[in-house]
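Here's the structure we're looking at; comments come further down.
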Amino acid sequence: MKYMLLMQFSEQTADFPKIDEWKPEEIQAHIRFMRDTNTKLAEDGELVDAQGLAMPETARIVRSHSGGAPVVTEGPFPESKEWVAGWWIVDCDTEGRAVEIAAAVSAAPGPGGAPLNMPIEVRQVMSAPPTEQ
């Protein structure tokens, strides 16, 4: 089964400094951890995809406009100021394994090398739309 692991933050759950406030060597250690994690998951045949996202200030909302030009805005965004920083899609045998991977990713190093303990949402990827019974 495939699972999406969402690295989500909000002002309440990001109890560490913004990454642009980290020392260069702390950023490098964090990125190296993520790359090593992805390499290991790929070697184990569990990695489908993993991507990081730019900061939420660069996000745009696009809506179709009845056949006209699409409307592109910088929001509205939820009041909670939650944002997705990145994701993994893993293919593993059990939800328990997906939770293990999420826990390992959650412990990525941050400032001073301390584990960030980031919240990681684990959701099964639907393989097909639900059917009527």
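The values are calculated or read from the model by the stated rules, or taken from the named source; none is laboratory data. These figures come from a predicted structure and were not determined experimentally. Counting neighbours? That spans all protein chains shown, and the Cβs are built from the backbone with ideal geometry, glycine included. Accessible surface areas use protein heavy atoms only, side chains included; no ligands, DNA or RNA. Shrake-Rupley method; radii C 1.70, N 1.55, O 1.52, S 1.80 Å.
Assorted remarks:
- Trypsin sites (Lys or Arg not before Pro) restricted to DSSP loop in region 12-117 with at most 15 other C-beta within 10 Å: Lys18, Arg60, Lys81
- Most mobile listed residue (Pro17, Pro56, Pro119) in the chain, GNM with C-alpha springs under 10 Å: Pro17
- Per residue, the chain exposes 69 Å² of solvent-accessible protein surface, assessed with a 1.4 angstrom probe and all protein chains in place.
- Among Met55, Met118, Met34, residue whose mean-square fluctuation peaks in a GNM of the chain (springs only between Cα atoms under 10 Å): Met55
- Within the accessible area of the chain (1.4 Å probe), percent carbon and sulfur: 54 percent
- Comparing Gly52, Gly67, Gly110 in a Gaussian network model of the chain, where Cα atoms under 10 Å apart are tied by springs, the biggest mean-square fluctuation is seen for Gly67.
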